[in-house]
Amino acid sequence: MKHYRKELCVHLDSRRGFVNITPQVEKCLAESGIREGLLLVNPMHITASVFINDDEAGLHHDFEKWLEKLAPEHPHSAYRHNSFEDNADAHLKRTIMGREAVVAISGGKLDFGTWERIFYGEFDGKREKRVLVKIIGE
Ligand code: ZN
């Protein structure tokens, strides 16, 4: 069995945002030379998500509004975690959007449904973040 590991770097100038990282992940898959197997992608941070959904700007706007309704950033004082930090909302948003994506690899390609793409979801940005890509197979 072959294995491959890489860390991608992500830096958003905004506190929140979604980035389609599918092209970078496909590059990792090509580098790995693995044709059949499984691919895992996860942020190495607890205030960011990796998830699979549609690359459609309206939907991303809807995610942002929905997450702000569930876990509004302000007031910071509404959260007990914020006696130490100011990012309680980011931890909660990340929990809702999930930690990782796992994708089957078939014939050297991500075995996606038609509209599936891999996104990085940032909820406490303005700094360097890392995303782990691990691939196993043959
Ligand atoms: Zn925190």
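We did not get these values from a lab; they are worked out from the coordinates using the rules stated. Note that this is a predicted model, so its numbers are computed, not measured. So basically every Cβ, Gly included, is an ideal-geometry build from the backbone, and we count neighbours across all protein chains shown.
Roughly what % of Cα-Cα distances in the chain sit above 24 Å, to the whole percent?
Details: 3105 of 9453 pairs.
Within the chain, distances greater than 24 Å cover 33 percent of Cα pairs.
Filter the trypsin sites (Lys or Arg not before Pro) in the range 78-138 to those in DSSP coil with at most 12 other Cβ atoms within 10 Å of their Cβ, and list the result.
Sites meeting the loop and neighbour criteria: K126, R127.
As an exercise, identify the GluC sites (Glu not before Pro) in the range 1-90 lying in DSSP coil whose Cβ has no more than 16 other Cβ atoms within 10 Å.
Listed in order of number, the matching sites are E36, E56, E85.
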